[in-house]
Amino acid sequence: MAFKQSKALTKEERTARGTLLSGIKQFPSLENKIFQQFLIMLHSRGIISIDEIYETIAHGKKSTLQSLNLRRRADNIYIPSRWSERERKAIQKLVLKTVAMHFSEEEIDDIIKLVVRREEVQNLEDLARLPNVSFDLLAQKVSEFCSLPKPSISLPISDLMATRVCLIHHFISDQLDYLGVAKKYIRIIDLNKAAENSIGPRRGAGRVGGKAAGMILANRIIETEREALQKQLEFRLRFPISYHLRSDLYLDFVKRNDLSHYYDLKYKDVETIQTEYPVIQEIFKNGSFSDDILDELKQLLRKLGKRPLIVRSSSLLEDNFGAAFCGKYRSIYLANQGTEKKRFEQFIGAICAVYASILHPDPLVYRRARNLLDYDEMMAILIQPVVGNYFGDFFFPLFSGVAYSRNEYRWSSRIKKEDGMIRMVMGLGTRAVDRVSSDYPRIIALTEPTLRSQGSVADILKYSQRYLDVINIKQKRFETIPLADLRFDQPMAHLDRVVSVCDEDLLRPVIGKHVDAEATRLCITFDKLISNTSFAEQMHWILKSLETTYGCPVDIEFTSNGEELYLLQCRPMSKQIEWDRVTLPTSIPKERQIFSATKEVRNGKLEDIDYVIYVPATSYDRIDSLKTKERVGRAIGALNQKLHSSTFILMGPGRWGSNDINLGVRITYNDINNTRALIEVAHMKDGYVPEVSFGTHFFQDLVESNIFYLPLYPDEDGNVFNTDFLMKSPNSLREIVPNFSDVEEFVRVIDIRKTKTGQKLHLYMDGEKNAALAFLQD
């Protein structure tokens, strides 16, 4: 039946009709789109359907009704006819009258604004799709769009999705995995904020980089989830003020200083890269910028004032799915004190140093291992004020750390992998993500936060943090200071949540909020923070929200001034290969057992090991020359390259990769990336203690490269450590890397095929029983 129209409009309806006609007159180019929108709304609200419009306009004409019936029967065989001009005008007239009857003046005005806004979105998308549009022009149009009045009816997300993707691709990232998540959360207004705080060539087109991308997305995810759940957070969640040096500024810097030819370094062998990089670094550090960029950077420094700063890498590949680049590029703290001239020189120097790190051996080897060497990697930079408080001559946050949505370090059956964990320190977070000497962070299982791996007070004191990383305002530099050197003659907000007081053999929480004990009696425990606040619960919620949205485990870096919690970084975690439970053999003769482990073991299996590279603690400890200890590390790197196609394991004292060369062999990622297992040996008499590396950048490298980590405690009852095999087997070092024969006394290379003819070396690890065994088998 045809739709029935009333014969005359009421006064209100005539006013509504006038509003519609006025809107069309104001936006004549959008006339068809305005009518189309009202046609869709009439149909979707059930006021008049498309079929009824056809019937009404046709006035019973057989041809029209016949085609209408055909369309109803079988859309797949119906060939729709186009509207004639007469039909188009008749439809518009019918729509105009029907809208006036059923929509208020305010509704009509909002719908017209919606059409206008959709057109602005489309124009923005069309501009973003142009291949050579400049960042500045696109940013200007985004700013203009954000300043338009918003209609009370919001555009559907589906109408915005394509535009968001185009703008995110231009401003932030071209990584498809990232775009798939970001388009649902990052709004055009968020992109406008990032664009307003960015610096780059006027006609350039660059991005803010991976680290910035992770921060922007994490911010939106957490804020969206918090609003949806109306969740109240005890620690107000904040994101630090951020300024971006876009990736096209790096490209401009390289071209201006004629540095492009150094890109060939990435195709050279590792030894050449290590030799040439120090020179290239100095050349980069003395590069120059154009006058207009220098003016913008100077204005930025004035805007930031004399607050300590951090200049952070944010390369295009950084913090991406499957390749996190943890700690591969430089980030530099600046005290930002003194004259403006001096502060600006240091500021520019830090930027150039971060640029130079793009050619550091570690990221180049890392890229080569992941087939990313041919990607046109560029460096963007994040500039942020350091979060913290002034305390005497020092500036530092109350606490910082790194948190993981999955926990690979489980010292109790009560702790589940899915619970997540935190690695936390007092002061700057560098001590949480780096392997440091003679110091330990607090590791917290988020659903069992008060459960410790240490049982006695003596062990808690032994495995606690003793040093803080801070910025010394007076000396204008980054420093590491002993907790015992702090003077508490001025209050520090919420210090009572971080430290406990040691009274002889007792460790007690601070009574009240004021800490009146001497620093020498304090121990960093975070006990009151964990027990008396919802910090652990809040961190668990943040991690789970991010993991659910990302669709994979994540890790975040955070810091706090005691009142507010700042998220500094968010990246997808690389998954280590998941092994089913491995059953250890029980009938291996004692003489064929090489070593065993009973702590921090995960499921896994290595079979047919070709080589064991072993640095004996007794030999390493005898070295009294820094140069010789450094040469031991270089020998490990050379073996790593030579044996890249073989299956080998590394065994050595204490902490591999520690910044204290006396506590372990000093190596970096490119020295160990080809090994299958990294084993830290702790002999009680040598004083070497493997630090739990879970949560450090070092550990993330092992995870991403599928390298097993295993600590050994040979002197503990029941453990196996076959000294005869490790020390008396022939040493093949001289045959493999003859240039390092001078360290043959300190580095032993055991070739299993030559040493044990007809036998093979296997390493089995049972994470459920927390037991591992390396053994020889026919």
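Couple of notes before you dig in:
- Qualifying residue in the stretch 353-362 (condition: buried (at least 20 other Cβ atoms within 10 Å of the Cβ), outside the structural domain of residue 672 (by TED's automatic domain parsing) and of a type in the set (Gly, Ala, Ser)): yes
- Residue count for the stretch 392-408 satisfying the condition of being over 20 Å from the mean Cα position of the chain (by Cα) and open to solvent by 10 Å² or more (accessible area, probe 1.4 Å): 3.
- Screening residue 413 against (1) over 27 Å from residue 675 (Cα atoms); (2) modelled with pLDDT of 90 or more; (3) part of a loop (DSSP other than H, G, I, E, B) leaves a single unmet condition, (2).
- Residue tally, condition among the acidic types (Asp, Glu) and either buried (at least 17 other Cβ atoms within 10 Å of the Cβ) or touching a Lys or Arg at 6+ places or on another chain (Cβ under 9 Å) (or both), over the stretch 87-104: 0
- Filter pass, residue 431 being buried (at least 21 other Cβ atoms within 10 Å of the Cβ) and modelled with pLDDT under 90: yes
- Only one of the numbered conditions (1) of a type in the set (S, T, N, Q); (2) open to solvent by less than 60 Å² (accessible area, probe 1.4 Å); (3) free of Cβ contacts under 8 Å to residues at least 60 places away in the same chain is violated by residue 232, and that is (2).
- Residue check for residue 496: at pLDDT 85 or above, out of contact with any Cys (no Cβ under 7 Å at 6 or more places or on another chain), assigned to a helix (DSSP H, G or I) and among the charged types (D, E, K, R): yes
- Meets criteria (open to solvent by 20 Å² or more (accessible area, probe 1.4 Å), of a type in the set (Asp, Glu) and in contact with a strand residue (DSSP E or B) (Cβ under 8 Å, 6 or more places away or on another chain)) for residue 557: yes
- Some residue of the stretch 607-620 being open to solvent by 40 Å² or more (accessible area, probe 1.4 Å), outside any loop (DSSP other than H, G, I, E, B) and either among the polar types (S, T, N, Q) or under 23 Å from residue 723 (Cβ atoms) (or both): yes
Yes or no, residue by residue, for (1) surrounded by fewer than 21 Cβ atoms within 10 Å (Cβ to Cβ); (2) on the phi < 0 side of the Ramachandran plot:
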residue	(1), (2)
280	yes, yes
295	yes, yes
298	yes, yes
309	no, yes
329	no, yes
332	yes, yes
338	yes, no
346	yes, yes
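- Identity of the residue in the stretch 36-57, in contact (Cβ under 8 Å) with a residue 60 or more places away in the chain and open to solvent by less than 20 Å² (accessible area, probe 1.4 Å), that ends up nearest to residue 102 (Cα to Cα): 42
- The listed residues are 515, 501, and the only one of them that is part of a loop (DSSP other than H, G, I, E, B), assigned by TED's automatic domain parsing to the domain that holds residue 441, β-branched (Val, Ile, Thr) and open to solvent by less than 20 Å² (accessible area, probe 1.4 Å) turns out to be 515.
- Considered as a group, the residues in the stretch 705-726 that are open to solvent by 40 Å² or more (accessible area, probe 1.4 Å) and at pLDDT 90 or above include one that is nearest to residue 664 (Cα to Cα), and that residue is 723.
One line per residue, one yes/no per condition, for (1) touching a helix residue (DSSP H, G or I) at 6+ places or on another chain (Cβ under 8 Å); (2) modelled with pLDDT under 95; (3) open to solvent by 40 Å² or more (accessible area, probe 1.4 Å):
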| position | (1), (2), (3) |
| --- | --- |
| 741 | yes, yes, no |
| 745 | yes, yes, yes |
| 753 | no, yes, yes |
| 760 | yes, yes, yes |
| 766 | no, yes, no |
| 771 | no, yes, no |
| 775 | yes, yes, no |
| 778 | no, yes, yes |
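- Members of the stretch 395-432 found to be of a type in the set (Val, Ile, Thr) and within 20 Å of residue 698 (Cβ to Cβ), listed by number: 402, 422, 425, 430
- From the list 266, 193, 255, 211, the lone residue that is part of a helix (DSSP H, G or I) and in contact with a strand residue (DSSP E or B) (Cβ under 7 Å, 6 or more places away or on another chain) is 211.
- Residue within the stretch 339-346 that is of a type in the set (Phe, Trp, Tyr) and within 23 Å of the chain's Cα centre (by Cα) present: no
- In summary, residue 642 fulfils each of the numbered conditions (1) free of Cβ contacts under 8 Å to residues at least 40 places away in the same chain; (2) within 34 Å of the chain's Cα centre (by Cα) with the single exception of condition (1).
- Residue 583 open to solvent by 40 Å² or more (accessible area, probe 1.4 Å), in a helix (DSSP H, G or I) and not assigned by TED's automatic domain parsing to the domain that holds residue 668: no
- Residue count, the stretch 730-756 (criterion: of a type outside the set (Val, Ile, Thr) and touching a residue at least 40 places away in the same chain (Cβ under 8 Å)): 10
The values are calculated or read from the model by the stated rules, or taken from the named source; none is laboratory data. All values reported here derive from a predicted model rather than from experimental measurement. FYI the Cβ positions are ideal-geometry reconstructions off the backbone, even for glycines, and counts take in every protein chain you see. Only protein heavy atoms, including side chains, enter the accessible area calculation; ligands, DNA and RNA are left aside. Shrake-Rupley method; radii C 1.70, N 1.55, O 1.52, S 1.80 Å.
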